[in-house]
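The values are calculated or read from the model by the stated rules, or taken from the named source; none is laboratory data. Please read all numbers here as calculations on a predicted model, not as lab measurements. Here the Cβ positions follow ideal geometry from the backbone for every residue, glycine too, while neighbour counts run over all protein chains shown.
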């Protein structure tokens with residue numbers, strides 16, 4: 001295979017990855033607390049001969065975008081949002097696995113436990129489940145994350161902050177696996193109830209990226225087809241023995 005074909009295939013592989021990442025961002029544009037995935041490509045330089053230098057694109061980094069997202073008012077006192085710290089997360093647990101999430105769309109679960117909409121238990125002080133009084137007339141939240149059932153303190157949601165360059169592994173749509181070595185306790189935040197954080201995905205931008213990548217991929221596919229046809233014609237012209 002010629003260098004031009006290798007280069008075209010390399011670009012297609014990069015575009016395929018771009019399309020996958022962008023499509024996943026679009027699919028989660030309405031997922032509360034979702035943090036979009038961004039991707040960075042670099043080039044690997046090779047010199048196949050004494051005169052040419054070829055740059056092959058490759059995926060250098062896939063990372064989580066922590067830019068700010070829109071905040072929506074819900075009037076549900078159990079909907080919580082973290083303000084003032086874009087790298088702060090709630091800590092939740094399911095099936096023995098602790099996770100990080102910005103999705104504060106919480107509900108009253110069995111036995112009064114505070115849960116996410118997919119059944120994750122919201123953890124509080126000393127990583128204990130937060131239990132509310134199911135018969136309370138109202139629930140309220142303090143700026144430090146303390147939750148009250150009527151006038152009684154039910155607990156305080158645990159909020160941790162990511163350390164710089166901490167690796168993140170996604171779990172579900174809006175969650176990440178918790179690595180205690182990669183987080184630290186923090187008081188640099190404010191919790192508000194009755195509000196929720198949207199995804200930080202701009203659908204128009206993601207759609208534009210998706211269309212551009214798809215068109216470029218199709219163009220490269222046509223280039224490959226033209227090269228394949230050219231080689232076939234060249235072979236046909238070779239005299240038979």
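Here are some notes:
- Note on the stretch 103-157: enclosed strands (runs of 3 or more DSSP E) holding 3 or more residues that are within 23 Å of residue 174 (Cα to Cα) are 106-108, 114-116.
- Yes/no for residue 210 being part of a helix (DSSP H, G or I), surrounded by 17 or more Cβ atoms within 10 Å (Cβ to Cβ) and at pLDDT below 95: yes
- Qualifying residue in the stretch 135-158 (condition: free of Cβ contacts under 8 Å to residues at least 24 places away in the same chain and closer than 20 Å to residue 84 by Cα): yes
- Test: residue in the stretch 166-181 that is closer than 16 Å to residue 124 by Cα and either within 17 Å of the chain's Cα centre (by Cα) or in a loop (DSSP other than H, G, I, E, B) (or both): yes
- The lone exception for residue 89 - which of (1) in contact (Cβ under 8 Å) with a residue 60 or more places away in the chain; (2) within 27 Å of residue 169 (Cα to Cα); (3) more than 21 Å from the chain's Cα centre (by Cα) it fails: (3)
- Taken over the stretch 59-86, the residue count meeting the criterion of being closer than 11 Å to residue 192 by Cα and either not assigned by TED's automatic domain parsing to the domain that holds residue 166 or not in a loop (DSSP other than H, G, I, E, B) (or both) is 7.
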